[in-house]
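The values are calculated or read from the model by the stated rules, or taken from the named source; none is laboratory data. Note that the structure is predicted; figures quoted are calculated from it, not measured. Glycine also receives a Cβ, built like all others from the backbone with ideal geometry; neighbour counts cover every protein chain displayed. For the accessible areas, the whole protein counts, side chains as well, though only heavy atoms, and no ligand, DNA or RNA atoms are used. Shrake-Rupley method; radii C 1.70, N 1.55, O 1.52, S 1.80 Å.
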Amino acid sequence: MRGVQVADDDGNVTFDTIFPGCDSGRWPHIHFEVTVRIGPVPRTRLCTVDTPMAPKTVQRRGWVSPSGRPSSWAGTRRRCAVPEGVYGGPMPLPGPLALGRGVVVLEGGAVPEPWEAAPVVTVDEAVLGDPRAVVDRLHRRWATREPYVIALDVDPARFRAPESIGDEVWRLTPGTEPYFDRLHFLVWANTYDARADGDPIWWWGRKAARLGATETPEGPADLTLEDGTPAWVDGGPRGPLPTALPDGHVVIASESVDAGRLDPDLIPGPPDAELAPDQLAAVTHDRGPVRVIAPAGSGKTRVLTERLRHLVVDRGWGPDAVLAVAYNKQAQLELEVRTAAFSPRVRTLNSLGLWV
């Protein structure tokens, strides 16, 4: 028999209709995999459990998480294939798997149980000396919504202030990056704060509560909006989630909270404009960078206009969340005319450089 069996509140899994196979001279037994709720591959451990036909014993095999921390059978009930609260029941810690949240702890401190099997990324003096590798690693996990543990061995205030690059522009290479800015963002963008004793803190929930929402740490979501809608504040890459949330739940992007708004992102339908298949693919691209190569007269400006409309109107991102960059002033004015109905921000390349 193959399938998913979820443990009850006491951590027990009951099989009502199964007759496991057995070899001559052996007790019938069941091999099943207990799926670790958060963590990279390998995500499972193999356990052998005797059926009622055998003596009343259970064979338990300890395991070692990918982070190298020894663990055991204890706590298995919280590592079920369906996270608590996604299809009913209290939650949010650690939130739906689709949100891919991580956690920040102090180096040497206890890792909260939901992240016991997640990989650990340490930020220490060596990282501050050369943050490139860790920033790249954190960015990949943030972009793919893979939960992780960040162990801080330095005061985060040391990389909190905006970084200034004072070299003459013509001396800078394409690889020049404000790595401390990126490190600060990636450490806190989509993570709980578990540095202190007590329950981990979801700071985006605290910030949203200041805007009028009600924080609900016991579930069913991060917040309840004024109209009673359960809402999650998402610090991951903005775009459609890999799996659906419970019915009636909405997602608010963290950047909307930063802008002082509690407007949920919308689930978009197909654009109304008549577009060729390749144009439609560019307009509805889920998330992340995309390069569109097209010759003159192929509708590049139309694709750009419809992409802006799709983000601002269809997905409900709002004009302040999108910036279009035009090569010169004439192109900027033309784009502003074409998008007057929803008024996204449009700047020239030179204006953007001056603004930054």
Quick count over region 112-146, residues being at pLDDT below 95 and within 13 Å of Ala194 (Cβ to Cβ), is 6
So which residues in region 204-225 are among the acidic types (Asp, Glu) and either more than 20 Å from Asp247 (Cβ to Cβ) or within 18 Å of the chain's Cα centre (by Cα) (or both), if there are any at all?
Glu215, Asp222
Val337 closer than 30 Å to Gly212 by Cβ, assigned to a helix (DSSP H, G or I) and either within 26 Å of the chain's Cα centre (by Cα) or free of Cβ contacts under 8 Å to residues at least 60 places away in the same chain (or both):
no
Considering only residues that are out of contact with any strand residue (DSSP E or B) (no Cβ under 7 Å at 6 or more places or on another chain) and open to solvent by 20 Å² or more (accessible area, probe 1.4 Å), which ones fall in region 94-127?
Leu97, Gly108, Gly109, Ala110, Glu113, Asp124, Glu125, Ala126
Against the condition touching a Leu at 6+ places or on another chain (Cβ under 8 Å) and closer than 24 Å to Pro96 by Cα, how does Gly236 come out, does it pass?
yes
One residue from Pro295, Pro277, Pro289, Pro268 being touching a residue at least 40 places away in the same chain (Cβ under 8 Å) and not aliphatic (A, V, I, L, M):
Pro268
Number of positions in region 137-187 that are farther than 26 Å from Leu106 by Cβ and among the charged types (D, E, K, R)
4
Over region 299-317, the set of residues open to solvent by less than 20 Å² (accessible area, probe 1.4 Å) and among the basic types (Lys, Arg) is Arg315
Looking at (1) closer than 18 Å to Gly95 by Cα; (2) open to solvent by 60 Å² or more (accessible area, probe 1.4 Å), find the lone condition where Val149 falls short.
(2)
